[in-house]
1. Using the Cα centre of segment 218-295 as the reference point, and only Cβ charges (+1 on K/R, -1 on D/E), how large is the resulting charge dipole? Debye, rounded to the nearest 20.
2. At 222 nm, what helix-only mean residue ellipticity would the chain give, in deg cm²/dmol to the nearest 500, using -39500 (n - 2.57) for each DSSP H run of four or more?
3. Tell me the per residue accessible area of the chain using a 1.4 Å probe; a whole number in Å² is fine.
4. Where nothing but the Cβ of Lys and Arg (+1) and of Asp and Glu (-1) is charged, how large is the charge dipole of segment 46-187 around its Cα centre, in debye to the nearest 20?
5. Consider the candidate values (1) 1.05; (2) 1.12; (3) 1.52; state which one is Cα Rg over 2.2 N^0.38 Å computed from the structure displayed.
6. Normalised by the number of residues in the chain, what is the relative contact order in percent for Cα pairs under 8 Å and 6+ residues apart?
7. Ordering 124, 189 by how much accessible area each has at a 1.4 Å probe, largest first, what is the list?
8. With a Cα-only, solvent-free Debye model of segment 154-201, what are the log10 I(q)/I(0) values at q = 0.23, 0.24, 0.28 Å⁻¹?
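The values are calculated or read from the model by the stated rules, or taken from the named source; none is laboratory data. Since we're looking at a predicted model, the values are computed, not measured. No Cβ is skipped: glycine too gets one built from the backbone with ideal geometry, and neighbour counts run over all protein chains shown. Each accessible area value is taken on the protein alone, full model and side chains, heavy atoms only, with ligands, DNA and RNA left out. Shrake-Rupley method; radii C 1.70, N 1.55, O 1.52, S 1.80 Å.
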Amino acid sequence: MDLNLPLLTAGVALLACVSGVAGVHAYTSGRARRQAVIDRLTSLGQPAADGPARRFRGVDRWLRGTRWGRRLELRLAATGLDITPGEFFVLMAAGIAALWLLAASSLAAFFGPVAGLIGLWASHAFLNWQRGKRIEKFINQLPELSRVLANATQAGLALRTALAMAAEELDAPAGEELAKVAAKLAVGHSIDDVLGELAERLPSRELVVLVTTLVLSNRAGGTVVGSLRNLTQTLEERKETRREVRTQLSQVTVTAYAVPAFGLGALLLMDRVMPGALERMTGSFYGQAAVVVSLGLYVLGFALIRRMSRIDV
């Protein structure tokens, strides 16, 4: 049997071309899907692409490679601030240096390191304050969140879909946090893990109860509507109770900050009445010891007042 070699060669070449085109198309589409998944995972917890340009990238990369930097990144994520660990570190260092120089020049050289330590404490206290304020806002939104989830599940929607819908309807910070939850669920994370991370990121008793209710209902496969209805009423009552307790303790909270402010004001007044008094006082060991003991007592008083005014509801 004679073979038509030109025709056979053309057929093989055409088959090779078709296979090559199909392979290139599969490769490019696979790379595009892979890059889309990477971009989506990278965007979780990161600012939008059209946000402000980031500064101090070298410092930021160095910090993210350390344990302290990774902890700082988690704390910043919990505060909701649009700032990187590198930017916060540089701003904190600049603030500590400014306080050091200001105290050393206006009071005495001894107060420079003291002001630097106060600046370091103030930066961490600021993060805790921002985190607490965000958690408080999130807690106030939990009754509405529970109500939205109950309505969605009663309408027959799955829990994943209900969480995504709640992320679109609620304002920040609940909307932002649920958007992260919905994004992670979309790429294959389990509901238990994602909700557990949410409870760790914004710790509160109310959120733990809500997360436990959702997780147990998802595992058991039972109805979650009745539980969410009851939980909504309970969260509303706890919200009002927390507001009343915070109002009753507002005077004690102001006292905790006023006592150290009086001490600082007394130092400034004494230095203005008798110029150079602080310099002479801190020039000896006994004077420095007296200042350190006084500062320690102020710190102890502040901590005790804050501890006595802290009531867990």
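1. Numbers: 9 positive and 6 negative charges, 71 e Å.
The dipole magnitude comes to about 340 debye.
2. Working: 13 runs with 253 residues, N = 313.
My calculation for the chain gives -27500 deg cm²/dmol from helical runs alone.
3. Details: 19560 Å² over 313 residues.
Result: 63 Å² of accessible area for each residue.
4. Details: 17 positive and 12 negative charges, 120 e Å.
Charge dipole, segment 46-187, about its Cα centre: 580 debye, nearest 20.
5. (3)
6. Values: 224 pairs, mean separation 45.1, N = 313.
14 percent.
7. Values: 124 50, 189 75 Å².
Ranked from most to least accessible, the order is 189, 124.
8. At q = 0.23, 0.24, 0.28 Å⁻¹ the computed log10 ratios are -0.80, -0.86, -1.08.
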